[in-house]
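Asker: Handing you a structure now.
The values are calculated or read from the model by the stated rules, or taken from the named source; none is laboratory data. What you see is a predicted model, and the numbers here were worked out from it, not measured in a lab. Cβ: placed from backbone, ideal geometry, glycine included. Neighbour counts: every protein chain shown. Remember, those area values only see protein heavy atoms, side chains included, never the ligands or the DNA or RNA. Shrake-Rupley method; radii C 1.70, N 1.55, O 1.52, S 1.80 Å.
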Amino acid sequence: MIDALWITLQLALITTVILLFIGAPLAYTLTFKTFFGRTVLEVLVALPLVLPPTVLGYYILLIIQPSAMVGSMWQVMFNQSLAFSFSGMVVASVFYSLPFSVQPMQQAFRAIPVVWLELAKVQGLTFKETCLHIIFPASKSGILVAVALVFAHTMGEFGVVLMVGGSIPGETKVASIALFEFVEMQQGDDAWLLALILLGISFVMLSIVYSINKKPLLTGNMDQ
Amino acid sequence: MIHSIAIRQQFGALLLNVTVKFDNEIIVISGENGAGKTTLLRCMAGLEKVSGIIKINKKIWLNSAAKIIVPTTVRNIAFVWSDAVLLPWLNIEDNIILGGKNDAALLAFICSECGINHLRHRIPSMLSSGEAQRVALARAIYRKPCLLLLDEPFSAQAPSIRCRLRIFLQNIQQQWAIPILIASHDPEDARVLAQQHWDMQEGSIVVVNSSG
């Protein structure tokens with residue numbers, strides 16, 4: 001059980017860090033830029049919200065298996081398979097939790113008063129200075145919400161990581177899969193304890209989100 | 001005349017149609033609400049898309065026919081909005097310096113002239129609207145811009161402070177020899193400050209009075 005929790009924690013932390021760096025520029029692009037294919041990109045980012053996790057996992061597996069281009073390149077570079085490995089699970093988690101990173105940040109960026117961005121131009125701020133002095137401080141709460149949601153969401157993944165990771169003990173078996181197996185093998189005490197731990201973590205993360213937001217999650221403005 | 005504007009653009013119901021020349025002087029723009037004063041200032045700042053030509057210091061900032069648009073970030077202008085527009089997470093001093101170099105002597109001089117020296121380490125939420133407006137004016141002047149655009153810069157000030165700020169603006173204009181454009185409803189601004197006075201109606205300048 002400790003193994004599974006440790007793997008889940010590592011997966012959640014790594015996914016959160018990666019999605020901070022991918023989610024912020026993606027959210028920025030979707031908020032402030034107009035370009036051909038913007039709606040398609042927005043739909044692709046939101047897809048994991050509605051897609052059955054096994055479907056997403058299946059497609060990711062197709063891409064990262066050793067006979068596919070990405071999978072074979074990985075095999076050549078690192079001399080190990082991306083499918084059914086921890087790294088493969090990270091790739092899958094990043095896709096699966098992408099909307100939980102991008103959408104709160106997008107809402108936060110949208111809530112920035114236009115006049116603050118005009119001020120940045122008038123003051124002659126570079127793009128980097130505008131991000132540093134205006135965009136990030138103004139959307140701090142949205143970014144924190146994104147971090148908390150991605151972390152909590154990754155902790156609770158099941159279908160995607162099962163498809164891509166394959167539940168190898170000590171390597172890709174995460175807490176939610178371990179719980180399923182405890183139940184299947186009728187290990188009631190272990191199942192009870194693990195479920196309580198996962199419940200506790202999710203409760204704490206959502207409490208953080210709500211205390212940052214102080215408004216209902218799906219209807220409120222993330223930046224207030 | 002070293003600066004010139006010849007722009008024409010439809011903004012909703014307003015047709016902005018301005019052709020005018022000016023020197024390094026204080027220009028007060030008056031007119032009813034919706035006459036296009038703020039829009040004109042925003043066009044000069046590059047904050048609105050507009051067709052025509054804008055030349056400042058004989059440099060072309062805009063020539064829509066030749067598709068030349070100098071971005072706002074490199075125009076070296078300063079703009080004061082009718083609301084103060086201060087960043088709430090920065091203290092007053094950092095709001096004034098925003099994006100510029102720290103010049104302690106200049107900062108002290110401007111803060112003292114604007115009567116905000118005692119507020120330098122406070123945050124914007126602790127300020128009255130008049131104080132916040134003076135901070136915004138200080139921030140604009142601190143940039144040492146080549147063009148200063150002010151939209152109702154004294155609207156929240158008591159009469160005695162308005163007097164003081166007008167004298168400060170006149171001194172700045174004389175020392176730095178820059179053009180200063182002020183959109184204002186206050187006839188006193190036009191009377192005391194204006195070396196040129198533009199009266200705007202429905203997007204056009206209808207009267208130009210030069211006293212310089």
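Asker: Residues in the stretch B:9-34 that are in contact with a Leu (Cβ under 8 Å, 6 or more places away or on another chain) and not in a strand (DSSP E or B): how many?
Answerer: 1
Asker: Quick one: in the stretch B:152-177, of everything that is open to solvent by 10 Å² or more (accessible area, probe 1.4 Å) and not in a helix (DSSP H, G or I), which residue is farthest from the other protein chains (Cβ to nearest Cβ)?
Answerer: By that ranking, first place goes to B:ALA158.
Asker: Go through the stretch B:91-103 and count every residue that is open to solvent by 30 Å² or more (accessible area, probe 1.4 Å) and either within 14 Å of chain A (Cβ to nearest Cβ) or under 22 Å from B:LEU127 (Cα atoms) (or both).
Answerer: So the answer is 6.
Asker: Something else about it: Please determine whether any residue of the stretch B:160-176 is polar (S, T, N, Q), within 16 Å of B:VAL85 (Cα to Cα) and out of contact with any Asp or Glu (no Cβ under 8 Å at 6 or more places or on another chain).
Answerer: no
Asker: Just a yes or no: is a residue in the stretch B:14-33 at positive phi, without any contact (Cβ under 8 Å) to a residue 40 or more places away in the chain and open to solvent by 20 Å² or more (accessible area, probe 1.4 Å)?
Answerer: So far as the stretch B:14-33 goes, no, none of its residues is at positive phi, without any contact (Cβ under 8 Å) to a residue 40 or more places away in the chain and open to solvent by 20 Å² or more (accessible area, probe 1.4 Å).
Asker: Limited to the stretch B:76-87, what total is found for residues that are within 8 Å of chain A (Cβ to nearest Cβ) and either assigned to a loop (DSSP other than H, G, I, E, B) or at pLDDT below 95 (or both)?
Answerer: 5
Asker: Do you know which of the residues in the stretch B:61-75 that are more than 9 Å from every other protein chain (Cβ to nearest Cβ) and within 19 Å of the chain's Cα centre (by Cα) is most open to solvent (accessible area, probe 1.4 Å)?
Answerer: Top of the filtered list is B:VAL70.
Asker: Considering only residues that are within 25 Å of B:LEU14 (Cα to Cα) and open to solvent by 40 Å² or more (accessible area, probe 1.4 Å), which ones fall in the stretch B:200-212?
Answerer: Answer for the stretch B:200-212, where residues must be within 25 Å of B:LEU14 (Cα to Cα) and open to solvent by 40 Å² or more (accessible area, probe 1.4 Å): B:GLN201, B:GLU202, B:VAL206, B:VAL207, B:VAL208, B:ASN209.
Asker: Hey, another quick one. Consider A:ILE112 carefully, then state whether it is within 14 Å of another protein chain (Cβ to nearest Cβ), touching a Ser or Thr at 6+ places or on another chain (Cβ under 8 Å) and hydrophobic (A, V, I, L, M, F, W, C).
Answerer: yes
Asker: A:VAL147: of a type outside the set (Ser, Thr, Tyr), within 21 Å of the chain's Cα centre (by Cα), closer than 30 Å to A:ILE63 by Cβ and surrounded by 24 or more Cβ atoms within 10 Å (Cβ to Cβ), yes or no?
Answerer: For A:VAL147, the condition - of a type outside the set (Ser, Thr, Tyr), within 21 Å of the chain's Cα centre (by Cα), closer than 30 Å to A:ILE63 by Cβ and surrounded by 24 or more Cβ atoms within 10 Å (Cβ to Cβ) - is not met.
Asker: Quick one: in the stretch B:38-57, of everything that is within 15 Å of B:PHE79 (Cα to Cα) and open to solvent by 10 Å² or more (accessible area, probe 1.4 Å), which residue is nearest to the other protein chains (Cβ to nearest Cβ)?
Answerer: B:LEU47
Asker: Kindly list the number of the only condition in (1) surrounded by 19 or more Cβ atoms within 10 Å (Cβ to Cβ); (2) without any contact (Cβ under 8 Å) to a residue 40 or more places away in the chain that fails for A:LEU194.
Answerer: (2)
Asker: Search the stretch B:134-151 for residues being within 18 Å of B:LEU193 (Cα to Cα) and not hydrophobic (A, V, I, L, M, F, W, C), and hand back the single one that is nearest to the other protein chains (Cβ to nearest Cβ).
Answerer: Looking at the filtered set, the residue picked out is B:ASP151.
Asker: Please indicate, with yes or no, whether at least one residue in the stretch A:170-178 is exposed (fewer than 15 other Cβ atoms within 10 Å of the Cβ) and touching a Phe, Trp or Tyr at 6+ places or on another chain (Cβ under 8 Å).
Answerer: There is at least one residue in the stretch A:170-178 that is exposed (fewer than 15 other Cβ atoms within 10 Å of the Cβ) and touching a Phe, Trp or Tyr at 6+ places or on another chain (Cβ under 8 Å).
Asker: Within the stretch A:122-139, work out how many residues are within 7 Å of chain B (Cβ to nearest Cβ) and out of contact with any Phe, Trp or Tyr (no Cβ under 8 Å at 6 or more places or on another chain).
Answerer: Result for the stretch A:122-139: 5.
Asker: Could you figure out which of (1) assigned to a helix (DSSP H, G or I); (2) of a type outside the set (Ser, Thr, Tyr); (3) modelled with pLDDT of 90 or more; (4) touching a helix residue (DSSP H, G or I) at 6+ places or on another chain (Cβ under 9 Å) isn't true of A:VAL40?
Answerer: Unmet for A:VAL40, out of (1) assigned to a helix (DSSP H, G or I); (2) of a type outside the set (Ser, Thr, Tyr); (3) modelled with pLDDT of 90 or more; (4) touching a helix residue (DSSP H, G or I) at 6+ places or on another chain (Cβ under 9 Å): (4).
Asker: Give me the helices (runs of 4 or more DSSP H) completely within the stretch A:76-137, filtered to those with at least 3 residues that are more than 27 Å from B:LYS101 (Cα to Cα) and open to solvent by 10 Å² or more (accessible area, probe 1.4 Å), ordered by residue number.
Answerer: A:86-110
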